[in-house]
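Here is the structure we will look at.
Values quoted throughout were computed directly from the atomic coordinates according to the rules given, and no laboratory measurement underlies them. No experiment lies behind these values; they were computed from the predicted model shown. FYI the Cβ positions are ideal-geometry reconstructions off the backbone, even for glycines, and counts take in every protein chain you see.
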Amino acid sequence: MTDKEFIAQLLEQVTILTTRVKELELRLSKYEHPKNSGNSSVAPSQDPFKKPKTLRKKSLKKPGGQIGHKGKKLEFSSVVDNIIVHDVVHCCSCGEDLPLGFTEYDARQEFDIPPITIEVTEHRRVKKKCSFCSKENQGTFPEHLTQQVQYGNRIKAFSVYLQYYQMLPFDRTKELIYDLTNHQISTGSLSNFQKKCYDKLKSYDQNISKLLLQSPVLHADETGIRLNGKNSWIHVMSTKTISFFAHHLKRGKQAMDDIGILDAYNGTLVHDRFSSYFSYQCGHSLCNAHILRDLIYIEEAFDAPWATKIRKLLVRAKKKKEQDPDLKSSYYTRAFNTFTKTIRPIIKGYDKKFKKTDEQRLAFALEKHKYLFLEFIKQPLVPFDNNQAERDLRMIKVKQKVSGCFRSQDHIHYFSRIRGYISTLRKNKQSILE
């Protein structure tokens, strides 16, 4: 073997070993700087048992009400339901009888819930025979009375509210109704209430879809849900005043096409960079809350000043937007230029021979979608993050933790439509049980 061949062999081995070292360093970095819900998109349920790091700065205020805080208390009501008179008959000093009646008194009021009982109302349809023509005549029952014995609308609404807003499973719903009313209701009845409510809301779903298409900004997200022990997905499309949930066995574009709405939407869609959303020909804006967590991880794991700079830029822009939603175009230009110049060295420094590190992957993602991450600066109505959709989905995970999983596809469809309806009522400050 010649010297040149020997040197070439050594160089090749150095390259192989260098590549291997980088791969091992990358694997070790996951243990030295583990990802959690504070520095990545890892679910909070996967965090180790310790207090998660918050993005908020520590306040110097003490816990509880602050100095100057206006307290709230029950106000004396001018309208009362019951009056109980506590009379005095004998003088407490000499025992003499006191006159009947009174003109002076002081009062205290007690706010409480009246006893809850099942109220049975009997509807009697009167029958009469005409004395002139002998025709048999009878009154008319209300339209909702279709059976000889049935439950009323109030208990139906209450049970659906308990199951789909307070997330109680069947057994606990039955227990609560029994504890409150001393009436035993069956699982079958509860299931029937859900189906009837679902059927009545069909036109609501159609109208909500039209309203979502008219919204200039639309939030979208999806979360996994267990159905008969298998993974499926609940998708949400929402605004500040509307919530729409839909269930599908799949997560991606096929599910979104089957659900509809997005294929006809022309406004700005806010989402978390899931690739299927980019297939729709609408405007896009990306969730910066996710990116802030990713940047924190890069700061911790790689001690990267560029990540700190980008994070501070985004936080400053968010505060600026909160103070003045109509930011000037010059502010966007400055922010965009700083954004681009900061990540450019990381992009240029990438060697294609090696696998991308987490730092490089994030830098490339920021470069690819730089316009979409800063879209919130340009458009007054576009928010900084996708928290609206994430908040709307949050209680879906609570439902799964309480019940474990759904046992039938019908009930998961019931849940999606009814939950969306209740959420929309809440957003518009409407009473749910009326």
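Of note:
- Estimated [θ] at 222 nm from DSSP helical runs (n ≥ 4, -39500 (n - 2.57)) normalised by residues in the chain, nearest 500: -14500 deg cm²/dmol
- Counting only residues at least eight positions apart within a chain, or on another chain, the lysines with an alpha carbon under 24 Å from that of residue 70 are 58, 61, 62, 429.
- Cα long-axis angle, helix 409-427 against the chain (0 to 90 degrees, to the nearest 10): 80
- Label of the coordinate-derived value, Rg and Dmax of the Cα atoms in Å, listed as (1) 21.4, 59; (2) 32.0, 131; (3) 20.7, 70: (2)
- Test item: Cα-centred dipole of the chain, Lys/Arg +1 and Asp/Glu -1 on Cβ, debye: 1680
- Whole-number D in µm² s⁻¹ for the stretch 288-378, Kirkwood Cα-pair radius fed into Stokes-Einstein, 10 °C, 1.306 mPa s: 116
- Rounded to 10°, Cα long-axis angle of helix 187-200 versus longest principal axis of the chain: 70
- Alpha-carbon centroid distance for the pair the stretch 261-291 / the stretch 84-110, whole angstrom: 72
- Taking packing as the residue-averaged number of other Cβ atoms within 10 angstrom, the listed peptides 419-430, 213-224, 147-158 run from highest to lowest as 213-224, 419-430, 147-158.
- Per DSSP, loop GluC sites (Glu not before Pro) in the stretch 107-186 with at most 11 further Cβ within 10 Å: 110, 119, 122, 143
- Put simply, the stretch 153-199 fits an ellipsoid with semi-axes of 16, 11, 10 Å; these come from the alpha carbon gyration tensor as the roots of five times its eigenvalues, largest first.
- Sites listed here are chymotrypsin sites (Phe, Trp or Tyr not before Pro) in the stretch 281-356 whose DSSP assignment is loop and whose Cβ has at most 16 other Cβ atoms within 10 Å: 350, 354.
- Each residue of the stretch 374-380 is assigned a 3J(HN,Hα), and the resulting list reads 9, 4, 5, 6, 6, 9, x Hz, derived from the Karplus form 6.51 cos²θ - 1.76 cosθ + 1.60 (θ = phi - 60°), x at Gly and Pro.
- In order along the stretch 230-240, the phi-based Karplus estimate (6.51 cos²θ - 1.76 cosθ + 1.60, θ = phi - 60°) of 3J(HN,Hα) comes to 10, 6, 9, 9, 10, 9, 10, 10, 8, 10, 5 Hz; Gly and Pro are listed as x.
- For residue 225, the residues whose modelled amide H falls within less than 5 Å of its own, excluding neighbours fewer than 5 places apart on the same chain, are 232, 233, 234.
- Antiparallel DSSP beta bridges within the chain, percent to nearest 5: 70
- Of the peptides 365-376, 193-204, the ranking by mean beta-carbon count within 10 Å, highest at the top, reads 365-376, 193-204.
- The string of couplings for the stretch 108-118 from the Karplus curve (6.51, -1.76, 1.60, θ = phi - 60°) is 10, 10, 10, 9, 8, 8, x, x, 9, 9, 6 Hz, one whole number per residue in order, with x for Gly and Pro.
- Helix 329-348 axis, angle to the chain major axis (alpha carbon atoms, nearest 10°): 50
- Listed residue pairs exceeding 18 Å between alpha carbons, taken from 253/356; 321/368; 321/378; 250/368; 230/397: 253/356; 321/368; 250/368
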